[in-house]
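Accompanying notes for the structure given below.
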Amino acid sequence: MRLGMHVHVRGGYAAAVEHASRSGAQAIQIFSATPRSYRVAPPDIQGLAKFRDMRENAGIASAIIHSSYLINLASDDEKIVAGSLRLLNHDLEVAAAGGIRYVNTHLGSYGMRSRVEAFADACRALASVLANIPRDVILMMENSAGAGQLCGGTLEELGRFIREVDHPQLGVCLDTAHAWAAGYEINSQRGVDDFLYTTAEHIGLDRVHLFHLNDTQVDLGANRDRHWHIAEGKIGFAGFRALASRPELNEKIGVLETPGEAADDERNMRTIQMIFRGAAA
């Protein structure tokens with residue numbers, strides 16, 4: 001697995017790449033804009049070209065944009081959906097300008113209305129974005145922790161989106177902390193094997209391009225999104241070691257979204273690298 005981390009770009013692209021490179025990252029994930037705002041600015045074409053060159057020089061082969069937390073493709077509020085589509089289209093435009101292969105998004109919440117109706121609306125929103133997606137960019141749906149009416153809390157539901165929208169540039173990101181919170185017991189080899197079997201059955205492993213590698217302190221099935229340091233939570237060393245042992249994941253991307261400051265990022269990166277090296281030995 002190509003291991004990397006989410007980095008902030010508020011200090012500039014150069015500092016972000018330096019931080020990732022110092023940790024030995026092979027992948028980098030960023031926000032293209034403030035993740036809690038509907039405001040977007042025109043892409044900085046020159047800055048993004050330099051960002052691409054810096055990544056290449058640092059040997060960081062994979063890059064991902066994580067979309068805004070405000071996106072809700074299943075809302076019954078037309079303004080929210082329109083704003084969500086504007087944010088997603090902006091991220092796709094930035095990705096194309098910066099040679100960034102992947103854009104990852106949460107799907108949102110069904111709210112208080114029928115899940116059948118809201119699911120259909122979310123599919124239509126996805127289809128409208130994918131109708132004009134740049135050729136070299138893949139849009140990925142991230143699994144949720146499954147709280148309330150959140151979209152994408154199960155592998156089965158993510159598979160339904162894949163089949164219903166039926167577009168080759170639509171993929172999936174699987175967050176380990178969210179999976180655990182949604183009830184997938186991935187803290188053992190057997191649990192990970194079952195999880196990946198279900199993923200293959202309902203989504204297809206070829207559609208899974210990215211893993212968010214996060215431990216968590218919440219109980220299994222708690223439906224709460226709480227990230228924690230690698231091998232220090234409920235998933236633990238055994239869970240990540242089980243993921244690392246699966247050869248069909250060798251070409252996937254694994255990005256850390258663990259909490260804390262730069263030193264914590266580097267510690268978590270050392271831990272996950274050690275786990276994967278041990279599994280390969």
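Nothing in this text is a laboratory measurement; each read-out follows from the coordinates by a stated rule. No experiment lies behind these values; they were computed from the predicted model shown. With ideal geometry, Cβ positions are generated from the backbone for all residues, glycine too; neighbour counts draw on all protein chains shown.
Some observations on this one:
- Hull volume per residue, based on the alpha-carbon atoms of the range 207-281 and their convex hull, is 97 Å³.
- Helix content alone sets the calculated 222 nm mean residue ellipticity of the chain: runs of n ≥ 4 DSSP H residues at -39500 (n - 2.57) each, divided across all residues, give -13500 deg cm²/dmol.
- Unit charges at the beta carbon, dipole of the chain: most positive-side option, Pro134, Ala182, Ile100: Ile100
- Cα-based radius of gyration of the range 2-280 once divided by 2.2 N^0.38 Å, which approximates compact folds: 0.95
- Interchain or long-range residues, amide H under 5 Å from Val255's placed H: Gly4, Phe211, His212, Leu213
- Radius 12 Å from Cβ of Leu174, net charge of other residues (Lys, Arg +1; Asp, Glu -1): 0
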